[in-house]
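Below: one structure, written as structure tokens.
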2 protein chains.
Amino acid sequence: MSEPAKQPIERKTLDERNRMSDLERLRHSCSHVLAAAVLRLWPDALIDIGPATSDGFYYDFDLPSHRFTPEDFPAIEAEMKKIVKENQTFEKCLKTRAEARAFFEAKGQKFKVERLTDIPEGEPISFYQSGDFTDLCAGPHVMRTGNVKAFKLLRVASAYYRGNEKNQQLQRLYGTAFPNKTELEAWLAAQEEAKKRDHRKIGQEMSLFVLDADFVGPGLPLWLPNGTVLVEELERLAKESEFQAGYKRVRTPHLAREKMYQTSGHLPYYAESMFPPMDLREDTGGPNQAGSESAAPSDRYYLKAMNCPHHHRIFAAEPRSYRDLPLRLAEYGTCYRYEQSGELMGLMRVRSMQMNDAHIYCPTEQFAEEFKAVNDMYLKYFKIFGFEKYQMRFSTHDPARLGQKFVDQPELWIKTEDMVRKVLDDSGINYVEVPNEAAFYGPKIDVQLWSISGREFTIATNQVDFAVPRRFGLVYRTRDNRDATPLCIHRAPLGTHERFIGFLIEHYAGNFPLWLAPEQVRVLPVTENQVGYARNIVEELRGQFVRAEFEFSNDKLQGRILRAEEARVHTMLIVGQREQEANAVAMRIHGKGSVGVKPRVEAVAEILAEIRERKS
Amino acid sequence: MSEPAKQPIERKTLDERNRMSDLERLRHSCSHVLAAAVLRLWPDALIDIGPATSDGFYYDFDLPSHRFTPEDFPAIEAEMKKIVKENQTFEKCLKTRAEARAFFEAKGQKFKVERLTDIPEGEPISFYQSGDFTDLCAGPHVMRTGNVKAFKLLRVASAYYRGNEKNQQLQRLYGTAFPNKTELEAWLAAQEEAKKRDHRKIGQEMSLFVLDADFVGPGLPLWLPNGTVLVEELERLAKESEFQAGYKRVRTPHLAREKMYQTSGHLPYYAESMFPPMDLREDTGGPNQAGSESAAPSDRYYLKAMNCPHHHRIFAAEPRSYRDLPLRLAEYGTCYRYEQSGELMGLMRVRSMQMNDAHIYCPTEQFAEEFKAVNDMYLKYFKIFGFEKYQMRFSTHDPARLGQKFVDQPELWIKTEDMVRKVLDDSGINYVEVPNEAAFYGPKIDVQLWSISGREFTIATNQVDFAVPRRFGLVYRTRDNRDATPLCIHRAPLGTHERFIGFLIEHYAGNFPLWLAPEQVRVLPVTENQVGYARNIVEELRGQFVRAEFEFSNDKLQGRILRAEEARVHTMLIVGQREQEANAVAMRIHGKGSVGVKPRVEAVAEILAEIRERKS
């Protein structure tokens, strides 16, 4: 993918956005109810601000006489319920600056006095009053406190006044509110489920990855053996799919000279999303041997934040003819982007990204077919992983902003967007069209997915690029012997290993299908007499590259089965005397329990087929 | 591999070293003969120096009146032959500094006058005379010019006086000499063959890789699709072998914080072999979300020059017990080392290294078995690639330098070296023992290989490390519940992709066995009528992941066969009407020609088996 933009934030559909502003109004009103309740219970509390957030609201207090804990929540919530029952009206009124200042000074509310200075001279200063609580507030609010029907306090945390660590710390109470109890309870249940499925929690339970901020650095995961299985199985899937779809694989270094990113246009505009440069001073002495390469005496190198410039240079490395097109260059290139440390989160927001990347170079007349094939690959993957709900967001240009936000090629924009739209329409793919959100150099498609548990996820974008190949001077010889610049499709159906695996962990709650499971099979002999038979089965499976382990200890069988279940081993083969004598195995599937006794040959064949077919 | 030393220079055995000094004496004598001949032909030539080199000798001249070209060589060689025929004695004599100066001043040999000042006061100033030629020279020489029986001038080049680009340029004549004509001719033939096998030449012919010093940087190869096939086939071989040998794969980022390399001991001592640091300024503002990681406000990051510190941190990431050992962590980690630009050469000396790396953590009592298994893996690979001649160099410590060059653990040194020696002896492996060349932290083994064409090559080392795990505080819980530090074996039987593939290209002269060949099969229909049948065969093969292509054009079959031969396609399947009717194919092997008509089923099965078994 080309644009070194921040990793995509999960987006809401337009409907959801409108819905959100109603919710925000409700939640912001609930934060007033919270502040009113706190002031009734602790009249010496100083109040700061209480905005709505994406999943609720908070309010910041200064209260040296008391430190809030979750034990306070029932009392606060009871007081809030009283206020709701009182069904107070939210009333707006305007005050002059002098009145406003006098109002808060009289109450000793020093933060509010300071916040007043944020409002520019001449702008109205609005207050909202509900019952005995009055706050400096731009609104809007619901009509009455009685509209706040379903809320819950969630947690307490410290927060610096105005988010600045040089200021004093306040106490922040977090809560959420919904239009009704059913929605609140559904949300709370989803939160509980999400906590259980949290990829960081499961990642630790299953030894998938660790973050080592101290030695390696924040946002740079180390993949442990179990997690590396996931990485390499996905890579194998991608390589096989891409081989069958006629892609060619390449490998490029993780860095390049400054000139590369000046040519691509990433420098200086995206420098802040890249790691800082390495300043290499080349030696000048020494014999310049035959075959050695020359280099400037001093040069800056950057870690790559995207693979496309390297691929463009590979395209340029040899003369190309129309007969070589489409040229589909694929690479699992690891890219490095600088994300602010406060934004890093598990595998979902990282600084190292192993990307399922490819760039397809083709003439316009091959575009539709290539683009359709890319979409088909997306759909193939969705099927393998059992993603039933998805939506593609097709971002187009705004003709009014050609030459500013969008490269000034009006005909190419219209032509390419028409082609994309036609492919999407013809394929019956579920998509929405969003104007004015294309990349600088062409239209793009974001893919939004929902996991089994309803978690939303955006895979990196699929982009059409009709501008950058020109910057790199890429040309091919046409059938009528002219030089022409190819289009370039940037695509990464599996996104990055980091985010995609983070999502898969939550999608499967760690209970991976056999082909992905870090430990696929564990063979458990019932007694010591079956140890040889069990080992022999393990060897047979390993000979076929099945990740099979063996466990025998003095522990009872039940204990060993329990341990394998806890470790989320996909298939257990239990062998007692009867099984050994019959050359059979008793098969158990994680989360399903026993599936019966089978001849060994049959069990092995079943396992191999299920892996080969990547059954979900 | 741990030690970020320069990539190993190809080493000579001790025998060869002694042999070399005889050769050097001969070659140095031949350089005197050359200088004498030049002075006879161009009496105004100024002479500088004429040492022996690893493959011959040179002599530097200042001769403004004439520019040497290869056309001069026959005349110079004829004059040299006369001098050889004159069978002059090489006679040594000592002169005082004043005599020596007067001697060269009288002849106007200004470089020689200057070179005199290099000899420290008090040291003897020796001259060698043969016939009418006298040179300032420490010797030794052969007895008489008649001993110079077989020589040849090779090329002419410019060279700065004293190798300093601020000085004037001299003309350097290169030549070589051997004890007899047979050896000279064998060497010249080998040179010709080596030129044909040069991996840079074949790399270009076969589109394997390119170096893009301008945009990417010197010494940072871009692997083109054909070269990536080699990389990924080797990787698959390594992953399969390592899976069967019980290794676990991991993945780590390509950089780490300064602290990592301070702990490992690589900083500051090896900083000059590493890429310069990236100075990352962490943001401090913004909410510190739950789950986000903290980081210092400013920190230096280094590209990794070795994988071991990352693996050590993975070892440390979880509590380890004796039951977890041996723990074998494998990774194809790309490392970056700063090699001086003048030392870079094709794939053989590079700055980016994709390393077939693994670290085996084990207690002392498991060492012998693990070390033997590592050696077996080396031998297994030698067999696959058909390396029949190899030697292991076992480098041990010097007890006199404990605590200086070698970590001060005398008992561990003796014990480990004994274990290594015993394994080597028991396995009947061809090895030599070299004292005082171990790594700082333990004994090491370099593996020296010879290709089919006699080219010598050193694979990265195999090391025992009993010091660094302690620096990282690595421990495991022993059976009797103590904490103990494991040994660590660093091993990389396939070295780096870059150097190993460079060597393989020359070993096979680009004619790779089927499993490695970039294009494995090309199907050629004789006429348009067989196009469908041919395409169908290609599809069948691709379905089995065979790299099969199809070619039909208006060119005659013979022309298409020739093109496939030139492209080094391993197997051609030619299908005419007769083959189609019989559901058969006519098979041709690159370099062998036709191997007959076979049923299609049989041909496909043969191809698949040859790939699966990695036949050489």
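The values are calculated or read from the model by the stated rules, or taken from the named source; none is laboratory data. Model, not experiment: these values are computed from the prediction. All Cβ positions, even for glycine, are placed from backbone atoms using ideal geometry, and neighbour counts span all protein chains on display. To get the accessible areas, we keep the full protein, side chains included, count just its heavy atoms, and leave off ligands, DNA and RNA. Shrake-Rupley method; radii C 1.70, N 1.55, O 1.52, S 1.80 Å.
Below are the figures for this structure:
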| item | result |
| --- | --- |
| Helices (runs of 4 or more DSSP H) (entirely within the stretch B:48-160) containing at least 3 residues that are more than 21 Å from B:Pro179 (Cα to Cα) and basic (Lys, Arg) | B:97-107, B:110-116 |
| Residue satisfying condition, being surrounded by 15 or more Cβ atoms within 10 Å (Cβ to Cβ), of a type in the set (Lys, Arg), within 12 Å of another protein chain (Cβ to nearest Cβ) and within 21 Å of the chain's Cα centre (by Cα), within set B:Lys201, B:Lys195 | B:Lys201 |
| Residue among A:Val569, A:Val595 that is in a loop (DSSP other than H, G, I, E, B) and open to solvent by less than 80 Å² (accessible area, probe 1.4 Å) | A:Val569 |
| Residue satisfying condition, being within 23 Å of B:Pro225 (Cα to Cα), open to solvent by 10 Å² or more (accessible area, probe 1.4 Å) and aliphatic (A, V, I, L, M), within set A:Met377, A:Met353 | A:Met377 |
| Filtered residues of the stretch B:531-559 (kept if assigned to a loop (DSSP other than H, G, I, E, B) and either in contact (Cβ under 8 Å) with a residue 24 or more places away in the chain or outside the structural domain of B:Glu602 (by TED's automatic domain parsing) (or both)) | B:Gln544, B:Val546, B:Arg547, B:Glu551, B:Phe552 |
| Condition met for B:Ser395 (closer than 30 Å to B:Ile202 by Cβ, open to solvent by less than 40 Å² (accessible area, probe 1.4 Å) and hydroxyl-bearing (Ser, Thr, Tyr)) | no |
| Single unsatisfied condition, A:Gln169 versus (1) within 14 Å of chain B (Cβ to nearest Cβ); (2) under 30 Å from A:Gly502 (Cβ atoms) | (2) |
| Scan of the stretch A:54-109 for residues that are among the basic types (Lys, Arg), open to solvent by 90 Å² or more (accessible area, probe 1.4 Å) and under 27 Å from A:Pro140 (Cβ atoms), ordered by number | A:Lys81, A:Lys82, A:Lys85, A:Lys92, A:Arg101, A:Lys107 |
| Selection count where residues are surrounded by fewer than 21 Cβ atoms within 10 Å (Cβ to Cβ) and either at pLDDT 90 or above or not charged (D, E, K, R) (or both), scope the stretch A:452-466 | 4 |
| Single residue of the stretch A:321-334 satisfying the filter (small (Gly, Ala, Ser) and under 30 Å from B:Tyr302 (Cβ atoms)) that is farthest from the chain's Cα centre (by Cα) | A:Ala330 |
| Strands (runs of 3 or more DSSP E) contained entirely in the stretch A:441-525, each with at least 2 residues that are closer than 27 Å to A:Glu192 by Cα | A:444-450, A:456-465 |
| A:Ala213 vs. criteria without any contact (Cβ under 8 Å) to a residue 24 or more places away in the chain, closer than 30 Å to A:Val142 by Cβ and of a type in the set (A, V, I, L, M, F, W, C) | no |
| Residue among A:Asn356, A:Asn375 that is assigned by TED's automatic domain parsing to the domain that holds A:Trp413 and part of a strand (DSSP E or B) | A:Asn356 |
| Identity of the residue in the stretch A:260-280, free of Cβ contacts under 8 Å to residues at least 40 places away in the same chain and surrounded by fewer than 16 Cβ atoms within 10 Å (Cβ to Cβ), that ends up nearest to the other protein chains (Cβ to nearest Cβ) | A:Asp279 |
| Qualifying position, being closer than 14 Å to B:Trp515 by Cβ and assigned to a helix (DSSP H, G or I), among B:Leu608, B:Leu562 | B:Leu608 |
| Condition broken by A:Arg257, with the remaining ones in (1) at the interface with chain B (Cβ under 10 Å from one of its Cβ atoms); (2) modelled with pLDDT of 95 or more; (3) open to solvent by 40 Å² or more (accessible area, probe 1.4 Å) satisfied | (3) |
| Residue check for A:Arg251: more than 10 Å from chain B (Cβ to nearest Cβ), over 17 Å from B:Glu318 (Cα atoms), open to solvent by 30 Å² or more (accessible area, probe 1.4 Å) and in contact with a helix residue (DSSP H, G or I) (Cβ under 8 Å, 6 or more places away or on another chain) | no |
| Boolean, A:Ser427 is in contact (Cβ under 8 Å) with a residue 40 or more places away in the chain and under 28 Å from A:Ser273 (Cβ atoms) | no |
| Check on A:Leu224, more than 7 Å from chain B (Cβ to nearest Cβ) and under 20 Å from B:Thr252 (Cα atoms) | no |
| Hits in the stretch B:204-213 (condition: within 10 Å of chain A (Cβ to nearest Cβ) and in contact with a Lys or Arg (Cβ under 7 Å, 6 or more places away or on another chain)) | B:Asp212 |
| Within the stretch B:598-611, tally of residues that are surrounded by fewer than 20 Cβ atoms within 10 Å (Cβ to Cβ) and either free of Cβ contacts under 8 Å to residues at least 40 places away in the same chain or in contact with a Ser or Thr (Cβ under 9 Å, 6 or more places away or on another chain) (or both) | 8 |
| Counted residues, the stretch B:312-331 - those being buried (at least 21 other Cβ atoms within 10 Å of the Cβ), in contact with an Asp or Glu (Cβ under 6 Å, 6 or more places away or on another chain) and more than 7 Å from every other protein chain (Cβ to nearest Cβ) | 2 |
| Flag if B:Tyr378 is over 23 Å from B:Ala484 (Cβ atoms) and touching a Leu at 6+ places or on another chain (Cβ under 6 Å) | no |
| In the stretch A:335-385, residue farthest from the other protein chains (Cβ to nearest Cβ) [restricted to those that are within 22 Å of the chain's Cα centre (by Cα) and hydroxyl-bearing (Ser, Thr, Tyr)] | A:Tyr378 |
